[in-house]
1. Accessible area, 1.4 Å probe, largest first: how do Y129, Y28 sort?
2. Size of the dipole of region 1-69 about the Cα centre, Lys and Arg at +1 and Asp and Glu at -1 on the beta carbon, nothing else charged, in debye to 20?
3. Could you tell me the relative contact order of the chain? Use alpha-carbon pairs under 8 Å, at least six residues apart, and round to a whole percent.
4. Hey, for a label at L4 modelled as a point 7 Å past Cα toward Cβ, could you say which residues of region 108-130 have their backbone N under 15 Å away?
5. If you keep only loop residues by DSSP, which trypsin sites (Lys or Arg not before Pro) in region 1-72 have at most 11 other Cβ atoms within 10 Å of their Cβ?
6. From zero up to wherever the largest Cα-Cα distance of the chain sits, split into 10 Å bins and tell me the percent of pairs in each.
7. Treat every Asp and Glu Cβ in the chain as -1 and every Lys and Arg Cβ as +1, leave all other atoms uncharged, and give the resulting dipole magnitude about the Cα centre to the nearest 20 debye.
8. So for the pair Q22, R133, with labels modelled 7 Å out along Cα→Cβ, what separation do we get in nm?
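The values are calculated or read from the model by the stated rules, or taken from the named source; none is laboratory data. These figures come from a predicted structure and were not determined experimentally. Neighbour counts are summed over all protein chains in view; Cβ atoms, including those assigned to glycine, are modelled from backbone coordinates with ideal geometry. Heavy atoms of the whole protein, side chains included, go into the accessibility calculation; ligands, DNA and RNA do not. Shrake-Rupley method; radii C 1.70, N 1.55, O 1.52, S 1.80 Å.
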Amino acid sequence: LEKLADDVMVIYLKLPASERLQFLAGQYIDILQKVGKPRSFSLANAPHDDEFLQLHVRNITGGSFTHHVFTGMKERDILRIKGPLGTFFLREDSDKPIIFVASGTGFAPIKAIIEHALQIGIKRPMHFYWGARKLADLYMLAKAKEWEARGIKNTCALRRVG
């Protein structure tokens with residue numbers, strides 16, 4: 001567990017030694033709870049970096065699972081997961097520019113896709129727009145700046161609400 005902001009926690013999941021999750025950057029998994037509905041979280045790591053599965057979790061008022069993440073979860077707790085799921089992933093056979101738009105922890109699947117694209121050497125122009133209500137919501141701003149140095153056009157914007 002790594003707290004990146006007052007209300008954002010990264011969970012690093014380690015699969016059993018004999019198992020591996022094959023996934024596409026941008027897909028998600030479901031956390032299967034003992035009680036209640038499954039909770040879906042995008043994988044924030046690229047497939048080449050799969051020692052741990054990385055989830056970005058925002059603490060949501062009234063959210064029983066997110067409350068548990070921030071107040072009761074400990075390292076080595078066992079979680080049951082289902083996945084990979086979803087069809088949001090990079091279409092590598094295209095030559096069109098890529099435009100990413102995210103807010104809050106919607107950054108997670110975008111992070112995975114950008115890291116994958118950089119790893120495999122995609123040359124298409126990439127533009128990333130990340131919006132937030134306050135600066136702390138851009139909880140991995142240094143990562144976006146790192147990508148900017150590698151040629152990805154970034155726009156991280158704050159919008160005052162109220």
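1. Sorted by accessible area, descending: Y129, Y28.
2. The calculation lands at about 300 debye.
3. Relative contact order of the chain: 24 percent.
4. 108-116, 129-130
5. Answer by residue number: K14, R20, K34.
6. With 10 Å bins starting at 0, P(r) equals 10, 38, 36, 15, 2, 0.
7. The dipole magnitude comes to about 460 debye.
8. Each label point lies 7 Å from its Cα, and together they span 4.2 nm.
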